[in-house]
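The values are calculated or read from the model by the stated rules, or taken from the named source; none is laboratory data. Because the structure is predicted, anything quoted here is derived from the model rather than measured. Note: ideal-geometry Cβ built from the backbone for every residue, glycine included; neighbour counts use all protein chains shown.
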Ligand code: ADP
Ligand code: ZN
């Protein structure tokens, strides 16, 4: 008798229940309907077509834009005992021939192809293959609106007519309306069933730190890396030079770090990506170019060293953390220089209005003083009024004080300099720094020179940023980025109204004895039953790495972090108990059961 989707989920993938919407999507495909799936990264889109592919006769054809993505999926399927393959230009011709023959015999359940390959093979497929379904992964590549546009994708519109009987499933993690309607139209889908998942990722913490110096940023990053000892992370920077500087600092502390940006050769970039996926390097410091080809499920932290240029890219980038559902950290640094640089980019870009608008939204998010997740979800059209308790605002709600005098001091200095100064000169004047420039322009003579010398320069920077946020001042981008006082600012300057400022909170460095990261903690004790045992986890991790290396697979393909954690918590010593662990299907039970059980037994007996 044919298996049910639930049985397939358990026997092949080792999971007990479907995530929201997966079951409905699978049903829609099994009924032969065209189907559109919008779900965030890590939401579990792949299973939605993989299970129907296993249930239906014939071969499912999956269109994917990148060879690295195909490889990752195929490794994961094979690790679960499912026969999948990719036809692509990086294979030898004899491999491709063998794959074609296997498809003709119906031995391959899932065949991955690039869009151009699909169209060049369309005739062969029509003649020789029983196609169970077409899945178009990363379907947003069809839209010119987004940043991943691939002209080849637009030709996929021909599929609907070429294969009138076969359901087409389009999947993407891009949520905006323009992209969605582009997908529907260009693929010529037939009354498609549409599934739009929640874009909430509750396992990702959201944290923003504003106005940090380079030194402080590095300190916070190091603390995070120590907290996440040995786990993978990505640090995104705005500029190539910054990626190099940050990587240099991390390497000097003994952290295996890779650099990734568009200025490197394709082979250098590939190597970094491979090293990262296979846990040979811990951290990648990258410009935004890094990520699309990464399906790594155990990325534990994402840092934005600078403000990203839009909420879309920000959300996509943090989405690369915690795909396995385990808690993961995200951290965004943001300061006024970032804003100036990004504003210039936007002004000089071909799409000035759109890019300025995108940056405005990003800036509002970074400056907001309500639950960050709430803002993000509302932005993606999921209206919610709940606070998440997993963001910095929920953890430490901002406190305010009457900052009228401080604001007046700053505004008065701007006024007395005829609005001819930028942020840094303003701070110099407030602090009473006698610079050549200030002397030359006579600023050392004005009444406000030095009135704010008791406030640290970095705090002034923060207050000035707050004044910008609250609309007391503006930056004249078309006039050397000089500061201008707004009518609202005038009201405060002339004491017609008061101004509240948020108290600056800066954590002190975590005080503790300096320890080299590579060192293991001193003689840890065995954990109690039912709690995560970190020593056992380490032993399991070593075994996983061994298997991964033998098979040339990433470690998370052998067993996910979540599976490893469960093993180190529940400590199963029978095959039956082992098979109850998250992510253990029939194949992994047979392949790895004995080995891992014996490690656990051995450990428990000591
Ligand atoms: P997406 O393609 O949407 O980014 P994936 O399909 O890669 O997400 O799934 C993310 C992770 O979640 C994978 O490790 C996958 O095995 C796991 N997963 C998917 N569905 C389930 C489920 N029903 N139960 C447990 N884990 C799941
Ligand atoms: Zn929150």
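Kindly indicate whether residue 419 is surrounded by fewer than 16 Cβ atoms within 10 Å (Cβ to Cβ) and without any contact (Cβ under 8 Å) to a residue 12 or more places away in the chain. Give the steps one after another, and end with the answer.
Numbers: surrounded by fewer than 16 Cβ atoms within 10 Å (Cβ to Cβ): yes; without any contact (Cβ under 8 Å) to a residue 12 or more places away in the chain: no.
The answer is no for residue 419.
Pairing each residue of the range 385-406 that is under 19 Å from residue 499 (Cβ atoms) with any residue that is modelled with pLDDT under 90 and within 13 Å of ligand 2 (Cβ to nearest atom), provided the two are 6+ apart or on different chains, yields C-beta distances under 6 Å for 398/369. In summary, residue 474 fulfils each of the numbered conditions (1) in a loop (DSSP other than H, G, I, E, B); (2) under 34 Å from the mean Cα position of the chain (by Cα) with the single exception of condition (1).
Residues 283, 272, 246: which one is away from ligand 1 (no atom under 16 Å from the Cβ), farther than 26 Å from residue 562 by Cβ and crowded, with 21+ Cβ neighbours inside 10 Å?
Working: 283 fails: farther than 26 Å from residue 562 by Cβ; 272 fails: farther than 26 Å from residue 562 by Cβ.
Going through 283, 272, 246 in turn, the sole match is 246.
Take residues that are closer than 30 Å to residue 552 by Cβ and tell me which of the helices (runs of 4 or more DSSP H) falling wholly in the range 269-377 contain 1 or more. I'd like the intermediate steps shown before the answer.
Details: elements: 311-318, 336-348, 352-367.
By residue number, 311-318.
Listed residues 430, 411; which is under 19 Å from residue 211 (Cβ atoms), more than 16 Å from ligand 1 (Cβ to nearest atom) and surrounded by 13 or more Cβ atoms within 10 Å (Cβ to Cβ)? Reasoning before the result, please.
On the way: 411 fails: under 19 Å from residue 211 (Cβ atoms).
Of the residues listed, the single one that is under 19 Å from residue 211 (Cβ atoms), more than 16 Å from ligand 1 (Cβ to nearest atom) and surrounded by 13 or more Cβ atoms within 10 Å (Cβ to Cβ) is 430.
Considering the range 351-389, the residues that are more than 15 Å from residue 310 (Cβ to Cβ) and exposed (fewer than 13 other Cβ atoms within 10 Å of the Cβ) include one that is farthest from ligand 2 (Cβ to nearest atom), namely 381. Of the residues examined, residue 9 is one that is away from ligand 2 (no atom under 16 Å from the Cβ) and within 21 Å of residue 324 (Cα to Cα).
Could you please give the count of residues in the range 542-568 that are crowded, with 17+ Cβ neighbours inside 10 Å and farther than 15 Å from residue 231 by Cβ?
Within the range 542-568, residues that are crowded, with 17+ Cβ neighbours inside 10 Å and farther than 15 Å from residue 231 by Cβ number 10.
Being touching a residue at least 12 places away in the same chain (Cβ under 8 Å), in a loop (DSSP other than H, G, I, E, B) and more than 29 Å from residue 56 (Cα to Cα), is that true of even one residue in the range 180-198? No.
I'd like to check something: does the range 6-19 contain any residue that is touching a strand residue (DSSP E or B) at 6+ places or on another chain (Cβ under 6 Å) and either within 14 Å of ligand 1 (Cβ to nearest atom) or at pLDDT below 95 (or both)? No, that holds for no residue.
Tell me yes or no: at least one residue of the range 358-375 is within 16 Å of ligand 1 (Cβ to nearest atom), within 23 Å of residue 222 (Cβ to Cβ) and touching a strand residue (DSSP E or B) at 6+ places or on another chain (Cβ under 7 Å).
Going through the range 358-375, the residues within 16 Å of ligand 1 (Cβ to nearest atom) turn out to be none.
Scanning the range 358-375, I find no residue that is within 16 Å of ligand 1 (Cβ to nearest atom), within 23 Å of residue 222 (Cβ to Cβ) and touching a strand residue (DSSP E or B) at 6+ places or on another chain (Cβ under 7 Å), so the answer is no.
With farther than 22 Å from residue 142 by Cβ and free of Cβ contacts under 8 Å to residues at least 40 places away in the same chain as the only criterion, which of 51, 74 stands out? First the steps, then the outcome.
Numbers: 51 fails: free of Cβ contacts under 8 Å to residues at least 40 places away in the same chain.
Answer to the selection: 74.
Could you count how many residues in the range 43-68 are within 10 Å of ligand 1 (Cβ to nearest atom) and under 14 Å from residue 84 (Cβ atoms)?
Going residue by residue through the range 43-68, those that are within 10 Å of ligand 1 (Cβ to nearest atom) are 43-51.
Now drop any that are not under 14 Å from residue 84 (Cβ atoms), which leaves 46-47, 49-51.
Summing the residues that are within 10 Å of ligand 1 (Cβ to nearest atom) and under 14 Å from residue 84 (Cβ atoms) in the range 43-68 gives 5.
Return yes or no: is residue 215 part of a helix (DSSP H, G or I), at negative phi, more than 16 Å from ligand 2 (Cβ to nearest atom) and surrounded by fewer than 20 Cβ atoms within 10 Å (Cβ to Cβ)? Judged against the criteria, residue 215 is a match. Any chance the range 575-598 includes a residue that's buried (at least 22 other Cβ atoms within 10 Å of the Cβ), within 16 Å of ligand 1 (Cβ to nearest atom) and under 11 Å from residue 79 (Cα atoms)? Checked the range 575-598: at least one residue is buried (at least 22 other Cβ atoms within 10 Å of the Cβ), within 16 Å of ligand 1 (Cβ to nearest atom) and under 11 Å from residue 79 (Cα atoms). On inspection, residue 445 qualifies as exposed (fewer than 12 other Cβ atoms within 10 Å of the Cβ) and either free of Cβ contacts under 8 Å to residues at least 60 places away in the same chain or within 27 Å of residue 344 (Cα to Cα) (or both).
If only residues of the range 251-268 that are without any contact (Cβ under 8 Å) to a residue 12 or more places away in the chain and within 23 Å of residue 231 (Cβ to Cβ) are counted, the one that is surrounded by the most Cβ atoms within 10 Å (Cβ to Cβ) is 251.
Could you tell me which of the residues 50, 3, 22 is touching a helix residue (DSSP H, G or I) at 6+ places or on another chain (Cβ under 9 Å) and at pLDDT below 95? Please lay out each step first, then the result.
On the way: 50 fails: at pLDDT below 95; 22 fails: at pLDDT below 95.
When all the criteria are applied, what remains is 3.
Is one or more of the residues making up the range 397-407 within 16 Å of ligand 2 (Cβ to nearest atom) and either over 23 Å from residue 486 (Cβ atoms) or part of a helix (DSSP H, G or I) (or both)? Yes; the residues of the range 397-407 include at least one that is within 16 Å of ligand 2 (Cβ to nearest atom) and either over 23 Å from residue 486 (Cβ atoms) or part of a helix (DSSP H, G or I) (or both).
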